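Worksheet for the structure shown next.
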Amino acid sequence: MNDITKMLIQSTTKIMKDVCTKELVNEAENGQWAAALWEILAESGMLTVACPEELEGTGGSYADAYQILRLAGKYSAPIPLAETYMGNWLLADLGVGTSNEPLAILVNKNKPFQLRRDQEGWIVSGKAQSVPWARDAKQLLVLGETESGAVLAIVNAVGAELSHGRNIAGEPRDTVILDAIRVENRRVFSVDARQVQERLLHTGALCRSVMMAGALERILELAVTYSKERTQFGQPIHRFQAVQHHLASLAGEIAAAETAAQYAVDASEKGSATTAIAMAKIRINEAAGIVAPIAHQLHGAIGFTHEHVLHQSTRRVLAWRDDWGTETEWSGKLAEQLMQLEDNGLWPFLTV
């Protein structure tokens with residue numbers, strides 16, 4: 001880790017501690033946009049990390065962006081940071097200027113969005129469900145089809161019809177309908193649909209993996225702190241052997257999750273990271289299912305109340321398990337890779 005990355009982590013940590021408070025997260029879950037947090041991240045240049053400066057980005061590496069996302073996950077930041085990163089990275093791939101505005105990505109594999117040309121540009125129609133943070137997005141990146149092939153269209157969110165929904169963490173997951181929305185020619189780009197879908201899947205899974213790793217780290221910190229403060233029979237409960245066993249289980253799961261996330265980030269910096277991302281999402285999903293109930297057991301009744309902050313992290317790790325592929329789905333992808341290995345290929349596959 002270089003000095004610039006260390007400074008970035010320190011700056012992001014300070015912002016999250018100062019601005020991303022329990023009250024802000026609760027207000028966001030009640031429908032209030034976290035404008036203060038978004039604005040300070042924009043002013044700090046943290047919304048366009050890993051985008052070239054010539055495209056109005058901040059520069060830096062994808063690893064820097066994943067460090068920011070880890071901290072966003074740790075402090076339950078109620079903003080579409082991962083979605084905006086992914087959108088900006090797609091725009092940068094197309095040579096389009098990046099944005100400090102919230103972005104949402106619309107993809108429907110079963111019934112793709114349809115675009116037809118007229119004299120004034122393009123008209124886009126279609127529907128996508130469970131779109132993260134669609135209600136707060138200013139621009140929608142729509143993967144669709146035309147008569148001549150796949151395209152990515154940048155659509156103004158103002159004309160979209162929204163049906164609000166939420167995941168168990170209280171984060172927006174909306175249905176978006178585009179009913180004959182007009183788009184200018186200069187905002188529609190030819191793409192390889194399969195390539196874009198694969199990029200979104202792997203990048204999305206890695207974003208969620210590092211965010212979950214951050215949230216799991218926070219859960220461990222809360223459990224350790226509470227076990228030292230809570231007394232029973234005249235002594236802190238962390239001195240009881242049963243509690244120590246629980247804490248050890250938490251520490252082991254979270255260490256494995258953090259290692260898997262970092263390995264996937266490192267692999268993505270070196271090139272193809274398909275296997276590493278699959279393994280990370282599987283392992284971190286499994287850790288989330290183990291850590292959340294143990295943490296609530298350690299906290300007792302207080303951990304189940306809305307007044308305590310524990311639920312802000314546990315509900316997120318459980319909700320994010322389903323984002324960009326469950327452990328079952330990623331296990332299936334790994335199994336497909338295993339079935340295609342040549343003779344004597346298993347050991348290198350497992351130890352690379």
Check: Where does the longest stretch of the chain lie that holds no chymotrypsin sites (Phe, Trp or Tyr not before Pro) found in a DSSP loop with 14 or fewer other Cβ atoms within 10 Å?
Finding: 1-232
Check: If the chain between GLU147 and GLU184 were fully stretched, how many nm would it gain, using 0.36 nm times the residue separation less the Cα-Cα distance?
Finding: 11.6 nm
Note to self: How tilted is helix 81-93 with respect to the longest principal axis of the chain? Cα atoms for both, answer in degrees (0 to 90, nearest 10).
What the structure shows: 40
Checklist line | Dipole magnitude of region 76-155, debye to nearest 20 (Cβ charges: Lys/Arg +1, Asp/Glu -1, about Cα centre) | finding: 260
Notebook entry, point to check: Mind listing which trypsin sites (Lys or Arg not before Pro) in region 193-244 are in a DSSP loop and have 16 or fewer other Cβ atoms within 10 Å?
Noted result: ARG230
Next item on the list: State the label only: which of [x] 1.23; [y] 1.04; [z] 0.99 corresponds to Cα Rg over 2.2 N^0.38 Å computed from the shown model?
Entry: [y]
Next item on the list: Report the calculated FRET efficiency for ILE123 and ASP192 (r = Cβ-Cβ distance, R0 = 25 Å), to the nearest 0.05.
Entry: 0.65
Margin query: Quick check for you: which residues of region 313-352 have the amide N under 19 Å from the point 7 Å beyond the Cα of ASP93 toward its beta carbon?
Written below: 324-325
Item checked: Dipole magnitude of the chain about its Cα centre (Cβ charges: Lys, Arg +1; Asp, Glu -1), debye to nearest 20 -> 740
Notebook entry, point to check: Hey, got a sec? Which GluC sites (Glu not before Pro) in region 166-258 land in a DSSP loop and have at most 16 other Cβ atoms within 10 Å?
Noted result: GLU184
Check: Roughly speaking, what is the centre-to-centre gap between region 281-352 and region 39-101 when only Cα atoms are used, to the nearest Å?
Finding: 25
Next item on the list: Using a cut-off of 13 Å between beta-carbons, work out the net charge of the residues near GLN119 (Lys and Arg +1, Asp and Glu -1, GLN119 not included).
Entry: 0
Next item on the list: Rounded to the nearest 0.05, what FRET efficiency do SER11 and LYS270 give with R0 = 25 Å and r taken as the Cβ-Cβ distance? Could you check?
Entry: 0.45
Check: In region 201-313, if every C-alpha pair distance is counted and binned at 5 Å from zero, what percent goes to each bin?
Finding: 2, 13, 22, 19, 15, 11, 8, 5, 3, 1, 0, 0
Margin query: What does the extension gain come out to for HIS164 and LEU338, with contour length at 0.36 nm per residue minus their alpha carbon separation?
Written below: 58.6 nm
Notebook entry, point to check: Summing +1 for each Lys or Arg and -1 for each Asp or Glu, what net charge is found among the other residues whose Cβ lies under 12 Å from the Cβ of GLU29?
Noted result: +1
Notebook entry, point to check: Of LYS6/LYS270; LYS74/LYS333; LYS111/LYS138; LYS17/LYS74, which pairs sit farther than 22 Å apart, going by alpha carbon to alpha carbon?
Noted result: LYS74/LYS333; LYS111/LYS138
Check: Per-residue HN-Hα couplings for region 188-197, Karplus 6.51 cos²θ - 1.76 cosθ + 1.60 at θ = phi - 60°, whole Hz, x for Gly and Pro?
Finding: 10, 10, 6, 9, 8, 4, 5, 5, 5, 4
Note to self: Within 10 Å of each candidate Cβ there may be at most 13 other Cβ atoms; applying that plus a DSSP loop requirement, which GluC sites (Glu not before Pro) in region 295-352 survive?
What the structure shows: GLU307, GLU342
Notebook entry, point to check: Among ASN2, PRO52, ILE40, whose Cα sits farthest toward the positive end of the charge dipole of region 1-125 (+1 at Cβ of Lys/Arg, -1 at Cβ of Asp/Glu, about the Cα centre)?
Noted result: ASN2
Notebook entry, point to check: Magnitude of the Cβ-charge dipole of region 139-179, K/R +1 and D/E -1, about the Cα centre, nearest 20 debye?
Noted result: 220
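No value in this document is a laboratory result; all are computed from the given coordinates. Note that the structure is predicted; figures quoted are calculated from it, not measured. Glycine also receives a Cβ, built like all others from the backbone with ideal geometry; neighbour counts cover every protein chain displayed.
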